[in-house]
Amino acid sequence: MDLEKDKAIIGVAVITVIVIAALIVVWLISLSAPQVQMEEQTTLSIQGPDAIEVGERVPYALTLDGRVCINNLEDQVVEWSISRNGQLMNVGQTTVTVMSHSAGEFVLRAEFSGLTTEKLIQVYPRANIALDMKTWIHPGEWYATGIDSIGTTEASLSLYRVLETGRRVAVSPGTWEQYGFEEIVIHENGNYVLVAESEALSNGRTVSVEKALTVTPYVQRGYHAFSWDMENLVQLTPADHLAIRNFLRQELGIEVNLLPDGRLRDANRISTDYVFYKDSSRRDVIVYQTGVEAQGQTIRKMWQTSVKGTDGRYLYVSWDDFVVSVNIGNPGTSMVSSYRDSGSSSSGGGSSGGGGPSPSPSIGGPSPSPSI
């Protein structure tokens, strides 16, 4: 029994020695065999926006994902190319600037160490939006906004009232309406700002434009005789004065502020080329008549001033809270005839200025919905 046990132990020992020897042989063989260098998969990609605008210069960069087992990497050359609608600028080793002169698309390509990648780039027109709308408008009437946009999404409109302080407040839906972005109507007199906004198709940035609007009553020719003692005259509002000022600017080429200024006189009659007023039959319309001569028992305290017109002639303007009178020519016969002087102040002329809405006098009022 002992003999058989010894034989088994000897056999196990022999097998162990053989296995160890085999492992040693394999290890020695691996040391002497040539080493194989493994190269990882390399991916080229061009980093930069997918869309640009006409005339815009945009940089792009070439990146390599993973490690590249190539000797002397700095000596490798990147070859940039671009399709017909694009232009390469500031070409570098791994960066490039591109530009396009027309809308459409182009392909930007890069070649490096036998690998090629490309990027499709969309070219949009330069984003812009414009408003071509009348500056002076009237309440209750639809007006075309004249919006013209290119390279943007559809425009949206916002309307703000300009208060006396210059602050803007959003206008309630009941004060104005819009037909898409093509037409608007404003129902109350006042100073406003219309804002049109849209987004650039290239990168989604906001593109906006605004237009200052002044909403004033209509000034229309009247055909019934003006009476100096007319009892149904309606007091003129700041909006009415602004409408008359605009009429005088457009029709007679003069700029005058209908504010307490100039000479204050008592008058009971006029002989004038133009007279402006409102009566209770049409409270929303300012009536004017030409070649008016009128006299009555009512004595009005009227401010008087003279303004030089564009043709070199002087125009004489007289006004109170109910009547505005304008005459061209000799002040001895054209100004409001004096019943008696009630004093005078420094003579005042018209203020110079260009066309368009004026915040002075403000017709916006102190609140978002002032009474004008």
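Could you check Val169 against (1) touching a residue at least 60 places away in the same chain (Cβ under 8 Å); (2) under 13 Å from Lys211 (Cβ atoms); (3) among the hydrophobic types (A, V, I, L, M, F, W, C); (4) surrounded by fewer than 20 Cβ atoms within 10 Å (Cβ to Cβ) and say which number it fails?
It fails just one condition, (2).
Quick one: in the stretch 21-60, which of the residues that are assigned to a loop (DSSP other than H, G, I, E, B), closer than 30 Å to Gly114 by Cβ and touching a Gly at 6+ places or on another chain (Cβ under 9 Å) is modelled with the lowest pLDDT?
Taking the candidates together, the pick is Glu40.
Please verify whether the stretch 96-110 includes one or more residues that are closer than 30 Å to Lys211 by Cβ and in the same structural domain as Pro59 (by TED's automatic domain parsing).
So far as the stretch 96-110 goes, yes, one or more of its residues are closer than 30 Å to Lys211 by Cβ and in the same structural domain as Pro59 (by TED's automatic domain parsing).
For Arg205, indicate whether it is within 23 Å of Thr175 (Cα to Cα) and exposed (fewer than 15 other Cβ atoms within 10 Å of the Cβ).
It is false that Arg205 is within 23 Å of Thr175 (Cα to Cα) and exposed (fewer than 15 other Cβ atoms within 10 Å of the Cβ).
For the stretch 142-244, which strands (runs of 3 or more DSSP E) that fit wholly inside it have 3 or more residues that are not hydroxyl-bearing (Ser, Thr, Tyr)?
In the stretch 142-244, 156-162, 168-170, 176-179, 183-186, 190-199, 206-215, 218-221 are the strands (runs of 3 or more DSSP E) which contain 3 or more residues that are not hydroxyl-bearing (Ser, Thr, Tyr).
So which residues in the stretch 247-267 are buried (at least 21 other Cβ atoms within 10 Å of the Cβ) and over 32 Å from the mean Cα position of the chain (by Cα)?
Those that are buried (at least 21 other Cβ atoms within 10 Å of the Cβ) and over 32 Å from the mean Cα position of the chain (by Cα): Leu258, Gly262, Arg265, Ala267.
Quick check on the stretch 148-156. Is at least one of its residues under 27 Å from Thr237 (Cβ atoms) and not assigned by TED's automatic domain parsing to the domain that holds Leu64?
no
Has the stretch 180-193 got at least one residue that is among the aromatic types (Phe, Trp, Tyr) and under 30 Å from Val123 (Cα atoms)?
Yes.
Among the residues of the stretch 118-126, is there at least one that is surrounded by fewer than 13 Cβ atoms within 10 Å (Cβ to Cβ) and of a type outside the set (Phe, Trp, Tyr)?
For the stretch 118-126, residues surrounded by fewer than 13 Cβ atoms within 10 Å (Cβ to Cβ) and of a type outside the set (Phe, Trp, Tyr): present.
Can you report the number of residues in the stretch 280-305 which are closer than 26 Å to Trp136 by Cα, modelled with pLDDT of 85 or more and surrounded by fewer than 19 Cβ atoms within 10 Å (Cβ to Cβ)?
Residues in the stretch 280-305 being closer than 26 Å to Trp136 by Cα, modelled with pLDDT of 85 or more and surrounded by fewer than 19 Cβ atoms within 10 Å (Cβ to Cβ): 3 in total.
The conditions are (1) free of Cβ contacts under 8 Å to residues at least 40 places away in the same chain; (2) surrounded by fewer than 17 Cβ atoms within 10 Å (Cβ to Cβ), and Tyr160 fails exactly one of them. Which is it?
Every condition holds for Tyr160 apart from (2).
Kindly indicate whether any position in the stretch 225-242 is in contact (Cβ under 8 Å) with a residue 12 or more places away in the chain, farther than 30 Å from Thr298 by Cβ and not acidic (Asp, Glu).
Within the stretch 225-242 (the criterion being in contact (Cβ under 8 Å) with a residue 12 or more places away in the chain, farther than 30 Å from Thr298 by Cβ and not acidic (Asp, Glu)), the answer is no, since none of the residues qualifies.
I'd like the full set of residues that are of a type in the set (A, V, I, L, M, F, W, C) and surrounded by 17 or more Cβ atoms within 10 Å (Cβ to Cβ), limited to the stretch 134-157.
Correct list: Trp136, Ile137, Ile147, Ala155, Leu157.
The values are calculated or read from the model by the stated rules, or taken from the named source; none is laboratory data. Keep in mind it's a predicted model, so treat the numbers as computed, not measured. Note that we place each Cβ from the backbone using ideal geometry, even for glycine, and neighbour counts take in every protein chain shown.
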